[in-house]
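Report on the following structure.
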Amino acid sequence: MTALKDLTQIGPALWMQHNGADPSKTRFVEIPFSEVAAALDRGTIDAGMLAEPWLSAANGTTVRVFARVFSDIAPFFVLSPWFSTADYYRANTDLVRRFSRAIYDTARWVNTHHHETAAILAKYAKIDPAVLEHMSRSSFATSLDPAQFQPVLTAMYKFGAIDKPLQAETLFAK
């Protein structure tokens, strides 16, 4: 996992609970995605969380997928939101709205042009096009839906990443 108490720990812990294991008996350690496959090969770790493109690059070598741990959070949820302070939003409402429109317009294009975005990813992220062919890709939100934040907040509270329950709809500017 990339950091303790982030979703790369919470997702596996939730998956373990849903499948009859006690995550409190597991020692979670921080390790960059880029080093997980090598750590598995060495036997330094018994299991690891991998994200793309490292998952597709390692899958089928000595690494095999045995769980899709984020699906235990929810079928769809927001993983990487953009946010600002309330003060910044109030002082720059028009700018924030234009930025949001640009993000959503881009998301709509990306969600429907996977072939074209593969070439862009290969070029700028320096990902081997052969890896991109097999890589699962995220869908991007095209509107703000607080309900897609709630499963993350609930899981974060359950596993101690936040100290009180939060309701997603209270976190957004009106």
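Some values worked out for this structure:
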| item | result |
| --- | --- |
| Residues located in segment 150-174, provided they are assigned to a loop (DSSP other than H, G, I, E, B), of a type in the set (A, V, I, L, M, F, W, C), more than 18 Å from residue 14 (Cβ to Cβ) and touching a Leu at 6+ places or on another chain (Cβ under 9 Å) | 172 |
| Residue among 106, 93, 85, 62 that alone is in contact with a helix residue (DSSP H, G or I) (Cβ under 9 Å, 6 or more places away or on another chain) and either under 21 Å from residue 2 (Cβ atoms) or of a type in the set (Ser, Thr, Tyr) (or both) | 62 |
| Close pairs (6 angstrom Cβ cut-off, 6 or more residues apart or separate chains): closer than 14 Å to residue 79 by Cα and among the small types (Gly, Ala, Ser) in segment 6-24, at pLDDT below 95 and part of a helix (DSSP H, G or I) anywhere | 11/69; 11/70 |
| Scope segment 54-72; condition surrounded by 13 or more Cβ atoms within 10 Å (Cβ to Cβ) and aliphatic (A, V, I, L, M); matching residues | 55, 57, 58, 63, 67, 69 |
| Considering residues of segment 98-149 that are part of a helix (DSSP H, G or I) and among the aromatic types (Phe, Trp, Tyr) only, the residue surrounded by the fewest Cβ atoms within 10 Å (Cβ to Cβ) | 124 |
| Scan of segment 24-48 for residues that are among the β-branched types (Val, Ile, Thr) and under 21 Å from the mean Cα position of the chain (by Cα), ordered by number | 29, 31, 36 |
| Those residues of segment 148-170 which are among the small types (Gly, Ala, Ser) and under 11 Å from residue 74 (Cβ atoms), in sequence order | 155 |
| Residue 33 being aromatic (Phe, Trp, Tyr) and either more than 29 Å from residue 128 (Cβ to Cβ) or surrounded by fewer than 17 Cβ atoms within 10 Å (Cβ to Cβ) (or both) | no |
| Residue satisfying all of: in segment 73-90; surrounded by 14 or more Cβ atoms within 10 Å (Cβ to Cβ) and β-branched (Val, Ile, Thr); nearest to residue 18 (Cα to Cα) among these | 73 |
| Sole residue being touching a residue at least 40 places away in the same chain (Cβ under 8 Å), more than 27 Å from residue 149 (Cα to Cα) and part of a helix (DSSP H, G or I), chosen from 57, 37 | 57 |
| Members of segment 20-34 found to be in contact with a Phe, Trp or Tyr (Cβ under 9 Å, 6 or more places away or on another chain) and in a helix (DSSP H, G or I), listed by number | 23, 33, 34 |
| Sole exception among (1) more than 20 Å from the chain's Cα centre (by Cα); (2) more than 30 Å from residue 23 (Cβ to Cβ); (3) charged (D, E, K, R) for residue 108, by number | (1) |
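The values are calculated or read from the model by the stated rules, or taken from the named source; none is laboratory data. Source: prediction; values computed, not measured. Here Cβ is always computed from backbone atoms with ideal geometry, including for glycine, and neighbour counts include all displayed protein chains.
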